[in-house]
1. Return the sequence-ordered ³J(HN,Hα) values of segment A:60-74 in whole Hz as given by the Karplus equation 6.51 cos²θ - 1.76 cosθ + 1.60 applied to θ = phi - 60°, using x for Gly and Pro.
2. To the nearest hundred square angstrom, how large is the accessible surface buried between A and B, total for both chains, probe 1.4 angstrom?
3. Just to confirm the number: angle between the C-alpha axis of helix B:102-115 and the first principal axis of chain B, 0 to 90 degrees, nearest 10?
4. How high is the relative contact order of chain A? Use alpha-carbon pairs under 8 Å, at least six apart in sequence, and give a whole percent.
5. Probe 1.4 Å, all protein chains in place: accessible area of B:Arg147 in Å², nearest 10?
6. Ignoring ligands, DNA and RNA, what accessible area per residue does the protein assembly as shown give at 1.4 Å, in Å²?
7. Leaving ligands, DNA and RNA out of it, rank A:Phe73, B:Phe95 by accessible area with a 1.4 Å probe, largest first.
8. How well do other chains shield peptide A:101-113, expressed as the mean number of their Cβ atoms within 10 Å of each residue Cβ?
There are 2 protein chains.
Amino acid sequence: MQSRSPASRTGRPRSAAADAAILAATRAALVELGWSKLTLGDVATRAGVAKTTLYRRWAGKNELVVDAVAELFDELELPDSGSLAADIEGVVLQFATILARPEAKSGLMAVVSEATRDDALRERIRASVVERQKRLVLAGRSRAQARGELPPEPDAEAAARTADLIFDMVAGAVVHRTLVSAEPADEEWVRSFTRVLLQGLT
Amino acid sequence: MQSRSPASRTGRPRSAAADAAILAATRAALVELGWSKLTLGDVATRAGVAKTTLYRRWAGKNELVVDAVAELFDELELPDSGSLAADIEGVVLQFATILARPEAKSGLMAVVSEATRDDALRERIRASVVERQKRLVLAGRSRAQARGELPPEPDAEAAARTADLIFDMVAGAVVHRTLVSAEPADEEWVRSFTRVLLQGLT
DNA sequence: GCGTTACGCTACGTCTCGTAGCGAAAGCCC
DNA sequence: GGGCTTTCGCTACGAGACGTAGCGTAACGC
């Protein structure tokens, strides 16, 4: 969602239902057609809105798909399973499950690819997907430090670097396993991965 | 390159120079235009061939870019630096350097995205990029095992699984760091990453 | 009711796609 | 050299998506 200018309190308000319908239609189109064959005209028809309405809210296909996919990851939550290993396994498995869905698979990588030449788009992805879910890493770590499973970081900067590294390793490995190797990131794989990661962090 | 039927020994042979020119033109177009704005007509013009010639050799944009990008990774080689940590750091840094190039960035992720709905394309990627470079993991490991830095695997199946896991972790982390986090995978980052990975494997 | 903004609809020029058809060129074999 | 086969360059084409403009209507706040 782009921040509409807060001064605009007059006139007909934008339909929130239309936003939801458009994003849902985008995901449905991603499932059926994939990124490359998805057209904005088709999305508009599915959502029951005019094509012009769609263009008034999003700059293009890229921004629309980022918003549609970002919602998928909001259902992630950190389980409170008592041990760091189980916490990581739980979150990684959830992440893998979401990423296995076709709308996430074909949508996410496509916009990441586009973002290599579009700074604004990359920032949009970072803010609405990555930074939003980094909370899981931070919460899991502080919980583990309270239990004494992880050593405290020497300073704030090092803590941020480590969190970034963990995020890159977790997200990267799951994405590569799922999309490139095209093998399921199932429980057995998650256990092996967690063991390597956890042993490396202590 | 698709395997032309070996029985066709008659007629005018295909120009090998044209193949090279097309792949080079594809990389140049990826640099200047990126994936989404790259058109096959433009590539043909750059390469100095007719558009029809291009369609006679490749099924479409996806296959062409896979071949063009795959060549980039052939320059990877395993340094013989004496220790496993230095070997890994060297390869990861090479990989990161290649991936930082714009033609690799925008091309690779785009075809991976397309491959989520195209089994043949995914297999093409796997064969010409992933499987081709997995040699580095295998060579590095056997060398480290000979030096006693890594324990021998119990059986062949477990060895293959571990190799796959390592590949997913290395490639995934570098890709995520470079493309999503959009931070350089420089020497400092590579050292941190290698430390975590290596400690997790022993 | 009045001003303002969002909406649906239609129409349009532009671009890329992928293919078809043609004559010419470049090899092999006799 | 002549014939056969396949590739090549070129042109042209219909199809489809893009993104925008213009218009009349609908929905809100004051």
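The values are calculated or read from the model by the stated rules, or taken from the named source; none is laboratory data. Computed from a predicted model, the values in this text were never measured in an experiment. In this analysis, Cβ positions are derived from the backbone assuming ideal geometry, glycine residues included, and neighbour counts consider all displayed protein chains. Keep in mind that these areas ignore ligands, DNA and RNA; they rest on the heavy atoms of the full protein, side chains included. Shrake-Rupley method; radii C 1.70, N 1.55, O 1.52, S 1.80 Å.
1. Computed from phi, the couplings for segment A:60-74 are x, 4, 4, 4, 4, 5, 4, 5, 5, 7, 4, 4, 4, 8, 6 Hz.
2. About 3500 Å² of accessible surface is lost on pairing.
3. On a 0 to 90 degree scale, this one is about 90.
4. 21 percent
5. B:Arg147 has an accessible surface of roughly 90 Å² with all protein chains in place.
6. Value for the protein assembly as shown: 47 Å² per residue.
7. B:Phe95, A:Phe73
8. 5
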